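*Asks:* Handing you a structure now.
The values are calculated or read from the model by the stated rules, or taken from the named source; none is laboratory data. Computed from a prediction, not measured in an experiment: that's the story for all the values here. Please note: Cβ atoms are built from the backbone with ideal geometry, for glycine as well, and neighbour counts cover all protein chains shown.
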Amino acid sequence: MNQLDYIKKFTNVVIDSGNIKYIKKYSPKDVTTNPSLILRESKSKHYYPLLMDAISYAKKKGGNLNSYIINANDKLLVNIGREILKIIDGRISIEIDVRLSFSYLDLIIRAKKIISLYNSYGIENNRILIKIAATWEGIQAAKFLEKSGINCNLTLIFSLVQAIACAESNVYLISPFVGRVNDWYIKNFKLNKNSKIDPGVKLVYKIFYFYQKYGYKTFVMGASFRNIDQIISIIGCDAITISPDFVNKLNNLKLKKIKNFIRVNLESKIKKNKLLEKEFRWKFNQNFMAVEKLSEGIRLFLRDQKKIDSFFLKKFKSG
């Protein structure tokens, strides 16, 4: 047994990729994607027909240039999702345009549109997770969508207050970003990269124990890892989503059994409090790291989303 097989005994290992070759190779149950991954794979020969189909769909739908780009993007998400769902048994996480991260109504409308497109191809809601940035508006939109039978993955989680708000809203799954949290502390507090204290890992523990103590059903999926030790440190968490590179490294790593599992460690000492909007915004605003990293995360996804938009725009202008 290698390290990957050992981890799978306790934690669902999800692949964070849009690469069909790697997904076929490692056969995960579930897959996550984001604009950066889609941009990377959109240049491959395999995805070119999917891009052209999205363009054809958008042109047939008509409307102004903005409508064309929106429709092309939505159809591309569905096309890629359909291809991946052919080779996995579980779910795919599809990210909503981050430009809607602060618009409650627009997030709901876009999510329902994408789900409707999947449904038109015979794909049920239970195969899809709609990824939304964990802003207050995003969390409230997810709350509505969950009640409508559309499960969500709230991403860019950098604080306990975001996680609590998600759990209170009965969100299906959240993705705390382990590596990016640690990056911030290394940069701002000169934390040694080899330090045994990992703030990103600590955040996952805090969230997981809080959920366990108060019986929340929201799943915790660790994301954004920088090294193998971070991954191993949260074995016992509901899920982890990792790149094909990490999957390969773990697959070739000799077995190292873990003594302290996340499930059998400390209890949360944090009291349960229902969060109103003003309390959420105030508490979140006090966390400099979370504010900075959420903002940065949205900007980075937007950067890559704009590159995809540019591709569609060029194709539109070229006829």
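*Asks:* Among the residues in segment 5-26, are any part of a loop (DSSP other than H, G, I, E, B), in contact (Cβ under 8 Å) with a residue 24 or more places away in the chain, over 20 Å from Phe225 (Cβ atoms) and not aromatic (Phe, Trp, Tyr)?
*Replies:* no
*Asks:* Something else: Ile262: at pLDDT below 95 and surrounded by fewer than 18 Cβ atoms within 10 Å (Cβ to Cβ), yes or no?
*Replies:* No, not satisfied.
*Asks:* A further question on this structure: Looking at this structure, is Lys249 surrounded by fewer than 18 Cβ atoms within 10 Å (Cβ to Cβ), within 30 Å of Glu146 (Cα to Cα) and in contact with a helix residue (DSSP H, G or I) (Cβ under 9 Å, 6 or more places away or on another chain)?
*Replies:* The answer is no for Lys249.
*Asks:* Please tell me if Pro35 is crowded, with 21+ Cβ neighbours inside 10 Å and either over 19 Å from Ser243 (Cβ atoms) or not basic (Lys, Arg) (or both).
*Replies:* yes
*Asks:* So, one more: Among the residues of segment 13-22, which ones are touching an Asp or Glu at 6+ places or on another chain (Cβ under 9 Å) and either closer than 15 Å to Arg82 by Cβ or of a type in the set (Asp, Glu) (or both)?
*Replies:* Across segment 13-22, the qualifying residues are Gly18, Ile20.
*Asks:* What residue, among those in segment 292-317 that are surrounded by 18 or more Cβ atoms within 10 Å (Cβ to Cβ) and in contact with an Asp or Glu (Cβ under 9 Å, 6 or more places away or on another chain), is nearest to Leu156 (Cα to Cα)?
*Replies:* Looking at the filtered set, the residue picked out is Lys293.
*Asks:* Is one or more of the residues making up segment 162-170 over 22 Å from Arg82 (Cβ atoms), touching a Lys or Arg at 6+ places or on another chain (Cβ under 7 Å), surrounded by fewer than 24 Cβ atoms within 10 Å (Cβ to Cβ) and polar (S, T, N, Q)?
*Replies:* yes
*Asks:* Taking Arg82 as meeting all but one of (1) out of contact with any His (no Cβ under 7 Å at 6 or more places or on another chain); (2) within 30 Å of Ile232 (Cα to Cα), write down the number of the exception.
*Replies:* (2)
*Asks:* Pairs needed: first member in segment 113-138, of a type in the set (Phe, Trp, Tyr); second member anywhere, part of a strand (DSSP E or B) and modelled with pLDDT of 95 or more; C-beta distance under 6 Å; at least 6 residues apart or different chains.
*Replies:* Tyr118/Ile128
*Asks:* Still on this structure: Which of the residues belonging to segment 213-241 are aromatic (Phe, Trp, Tyr) and under 11 Å from Ser175 (Cα atoms)?
*Replies:* Phe219
*Asks:* Considering only residues that are touching a strand residue (DSSP E or B) at 6+ places or on another chain (Cβ under 9 Å) and polar (S, T, N, Q), look in segment 183-232 and name the one that is nearest to Leu154 (Cα to Cα).
*Replies:* Thr218
*Asks:* Output the qualifying pairs, or none if there are none: Cβ atoms under 6 angstrom, residues six or more apart or on different chains, first residue in segment 209-234 and closer than 24 Å to Ile150 by Cα, second residue of a type in the set (Ser, Thr, Tyr) and not in a loop (DSSP other than H, G, I, E, B).
*Replies:* Met221/Ser175; Met221/Thr241; Ala223/Ser175; Ala223/Thr241
*Asks:* Among the numbered criteria (1) crowded, with 22+ Cβ neighbours inside 10 Å; (2) farther than 20 Å from Tyr172 by Cα, which one does Ser93 miss?
*Replies:* So the condition that Ser93 fails would be (2).
*Asks:* Any idea how many residues of segment 48-103 are touching a strand residue (DSSP E or B) at 6+ places or on another chain (Cβ under 7 Å) and under 20 Å from Gly18 (Cβ atoms)?
*Replies:* 12
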